[in-house]
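This report refers to the structure that appears directly beneath it.
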Amino acid sequence: MTDKPERGGYVLDPESPAEMARLIQLDRFMTQGMGGPLAGVNDFSSIHNVLDMACGPGGWVLDVAFEHPEIEVAGVDISKIMIDYANARARSQNLTNASFGIMDVTKPLDFPDGSFDLVNARFLFSTLSREQWPPFIAECTRLLRSGGTLRLTELIDGGATNSPAKEDLHALFCEALWRTGYGCSVNGRSIGVTIMLPRLLRIAGYQNIRHLMHALEVSTGTEAYSDFYRNSEIIYLLAKPYFLGTGVTTEGEFTRLYEQMLIELLSDDFCGMWHYVTALGTRP
């Protein structure tokens, strides 16, 4: 197996301003596609303290804090640049119920047991290696009060498009993840995390396990298209060193696929759909 990437094991550099800009944009249109930041949570009467794991630039935390001023919402991330940005946004929006701190979610966090009523995490397939998922869920469980909710959202293999080059790049990304120990694919042809989430929750003793499916159309002319295009444009450039470092492609082949993808995404007949799943469980 290829060695894990540097930067504390993260696939993309968490201190990159370009990555922060991408995550700000991604957070917005993915949340919209889910119907709001707390889709799947129907009863807020017992929710007073919420934690977002690997919160990035803090969009999810700020959305929840704005919609629910009665709830204290915290976010943690390994990136100083993103936490600084998130704190600045909270101050500028006068969201006194939102707070952020620098912590590594792959390690035990500096919170007492049972500190939160809901723990949320989204799109950690390139943050947690496959061996880190069980201890991560155990740490979330430690942080939850009895009856608290763990809410996990992950991509179903990036969805599907009619761009051959985009599909080829995504296939290379899946193989690179697999080679470096990320995702739960059996053969490197998918990300494979979503199919494991309910089982991981059952093993950890959660009850009332359920899941929601989300589909976000990103075809030309749709509301999410421009955000999807920009995300695709940025993420593959940022991931280029990762692609080359894992040996899944050459620089020449990567450049050819990347340039062809941009052409295909700009076509009038481009079609695409992103699919993702939210799994929820109750701590007994």
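The values are calculated or read from the model by the stated rules, or taken from the named source; none is laboratory data. Quick caveat, the model's predicted, so the values are computed rather than measured. So basically every Cβ, Gly included, is an ideal-geometry build from the backbone, and we count neighbours across all protein chains shown. Remember, those area values only see protein heavy atoms, side chains included, never the ligands or the DNA or RNA. Shrake-Rupley method; radii C 1.70, N 1.55, O 1.52, S 1.80 Å.
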- Failed item in (1) touching a Phe, Trp or Tyr at 6+ places or on another chain (Cβ under 6 Å); (2) at pLDDT 95 or above, with Gly183 passing the rest: (2)
- Just give me the residues in the range 167-212 being surrounded by 15 or more Cβ atoms within 10 Å (Cβ to Cβ), touching a strand residue (DSSP E or B) at 6+ places or on another chain (Cβ under 7 Å) and not β-branched (Val, Ile, Thr), in sequence order. Glu167, Gly181, Tyr182, Leu197, Pro198, Leu201, Tyr206, His211, Leu212
- Task: Scan the range 104-132 and report the pairs whose first residue is polar (S, T, N, Q) and whose second residue is part of a helix (DSSP H, G or I), with Cβ atoms within less than 8 Å and a gap of 6+ or a chain change.
- Result: Thr106/Gln132; Thr106/Phe136; Ser115/Leu143; Asn120/Trp60; Ser126/Leu177
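Residue by residue, here is whether (1) of a type in the set (A, V, I, L, M); (2) under 16 Å from Phe173 (Cα atoms); (3) touching a Cys at 6+ places or on another chain (Cβ under 7 Å) holds:
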| position | (1), (2), (3) |
| --- | --- |
| Tyr236 | no, yes, no |
| Ala239 | yes, yes, no |
| Leu244 | yes, yes, no |
| Gly247 | no, yes, no |
| Leu257 | yes, yes, no |
| Gln260 | no, no, no |
| Ser267 | no, no, no |
- Item | Options Asp43, Asp110, Asp63, Asp27; residue that is part of a helix (DSSP H, G or I) and open to solvent by 40 Å² or more (accessible area, probe 1.4 Å) | Asp63
- Members of the range 249-284 that are buried (at least 19 other Cβ atoms within 10 Å of the Cβ), closer than 22 Å to Thr194 by Cβ and more than 20 Å from the chain's Cα centre (by Cα): Arg283
- Query: Of all the residues that make up the range 170-220, how many are closer than 25 Å to Pro37 by Cβ, in a helix (DSSP H, G or I) and either free of Cβ contacts under 8 Å to residues at least 12 places away in the same chain or under 16 Å from the mean Cα position of the chain (by Cα) (or both)?
  - Reply: 4
- Of all residues in the range 113-157 being of a type in the set (Asp, Glu) and outside any loop (DSSP other than H, G, I, E, B), which is surrounded by the fewest Cβ atoms within 10 Å (Cβ to Cβ)? Glu131
- Does Leu51 satisfy the criteria of being outside any helix (DSSP H, G or I) and either in contact with a helix residue (DSSP H, G or I) (Cβ under 6 Å, 6 or more places away or on another chain) or within 25 Å of Cys174 (Cβ to Cβ) (or both)? no
